[in-house]
Each structure stands twice: as structure tokens, then as C-alpha cells.
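Let me begin by presenting the structure, written as C-alpha cells, before commenting on it.
The values are calculated or read from the model by the stated rules, or taken from the named source; none is laboratory data. These numbers come from a predicted model, not from an experiment. Using ideal geometry, Cβ is built from the backbone for each residue, glycine included, and neighbour counts are taken over all protein chains shown.
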Amino acid sequence: MPLWFRMRFLRFIPFLLLLGLILFFGLRASANLWELDWLPRWLVKGGEDPDAWRNTGAYFLFTLAVLFAFRRPRWLILFLCGCLVVGVETAQNMLPERWLQWTDILYGLLGVSLAGALSHMFRNESKNT
């Protein structure tokens, strides 16, 4: 396998890992992380912090990974990441013990927007140098 192909494939690993984590934790039947014995306790305790930091941070990192993995127009990637936020939060409404929270959607969209702004700043900086 040529080196360029392996390097291109490596860009997709963070995207796939973060997508899996968002779907796993976002679409669990229970939001209680203490039920997961395999998860380290320090991570569970940090995960019990307010949803604002979790949602904003998770979707911020995911959007950065998508922007890094795919060389598509930024507006399309940001739109699709925003649709993922709304889709995951809406799907939670269909699960027992979970419900739709508008604040989670807003914090997720804030994470997507911050990643888009950061990407825009760095893209403009690289064009100027």
C-alpha cells in the first residue's frame, strides 16, 4: 500500500472514533454513566458535569475531525454536523428514560459553530502566509 494512501486513511480514524462515541453515548437508553463498569471512574465523574461542556466539547472535536478528514466545502460539513446534533438529540426523545432538551441542541450547535470559526481563522491565516 502506498504511503499517501495510508496517510489519507489515518485522517479518518479520529472522525470514526468520535462519531462512534457520540452515537454510543447519545443513543444509550440510559444517560447514567455509572452503569458502565468498563468506563474509568474519573471519566464517569467528569461526564456527570453539566451537559453544556459535554455537548459543546464533543461536537466541537467531532466537527474539527470532520473538517480535517474531508476536503469538502466547509459550509456543507458544518450543515451536516449541525444536522447530526439535531438528529441525535431528537432520537433521544424516542428512547425510554431520555428526552429532548433544547439546551443540548443549542450547546451542540455552539460546538459546531466554534469549530467552524476556528477552521475559518486558520484557513485565512494559511492563505495570508
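Consider residue 69 against the criteria (1) over 12 Å from the mean Cα position of the chain (by Cα); (2) without any contact (Cβ under 8 Å) to a residue 24 or more places away in the chain; (3) within 21 Å of residue 121 (Cα to Cα): it satisfies all of them except one. Which criterion is unmet?
The single condition residue 69 does not satisfy is (2).
Somewhere in region 28-45, is a residue surrounded by fewer than 13 Cβ atoms within 10 Å (Cβ to Cβ) and basic (Lys, Arg)?
Yes, because at least one residue in region 28-45 is surrounded by fewer than 13 Cβ atoms within 10 Å (Cβ to Cβ) and basic (Lys, Arg).
So which residues in region 49-99 are in contact with a Cys (Cβ under 9 Å, 6 or more places away or on another chain) and polar (S, T, N, Q)?
63
Any residue at all in region 66-75 that is surrounded by 11 or more Cβ atoms within 10 Å (Cβ to Cβ) and either closer than 21 Å to residue 27 by Cα or touching a strand residue (DSSP E or B) at 6+ places or on another chain (Cβ under 7 Å) (or both)? Before the answer, list the steps.
Of all residues in region 66-75, those surrounded by 11 or more Cβ atoms within 10 Å (Cβ to Cβ) come to 66-70, 72, 74.
From what's left, either closer than 21 Å to residue 27 by Cα or touching a strand residue (DSSP E or B) at 6+ places or on another chain (Cβ under 7 Å) (or both): 66.
Looking through region 66-75, at least one residue is surrounded by 11 or more Cβ atoms within 10 Å (Cβ to Cβ) and either closer than 21 Å to residue 27 by Cα or touching a strand residue (DSSP E or B) at 6+ places or on another chain (Cβ under 7 Å) (or both).
Can you pull out the helices (runs of 4 or more DSSP H) entirely within region 20-129 that have at least 2 residues that are at pLDDT 90 or above, under 30 Å from residue 8 (Cα atoms) and aromatic (Phe, Trp, Tyr)? Walk me through it before giving the result.
Numbers: elements: 41-47, 51-69, 74-92, 102-128.
Because the criterion is at least 2 residues that are at pLDDT 90 or above, under 30 Å from residue 8 (Cα atoms) and aromatic (Phe, Trp, Tyr), the helices (runs of 4 or more DSSP H) in region 20-129 that meet it are 51-69, 74-92.
Say we look at region 84-119 and pick out the residues that are more than 11 Å from the chain's Cα centre (by Cα) and more than 29 Å from residue 35 (Cβ to Cβ); which of these is surrounded by the most Cβ atoms within 10 Å (Cβ to Cβ)?
Within region 84-119, the match that is surrounded by the most Cβ atoms within 10 Å (Cβ to Cβ) is 116.
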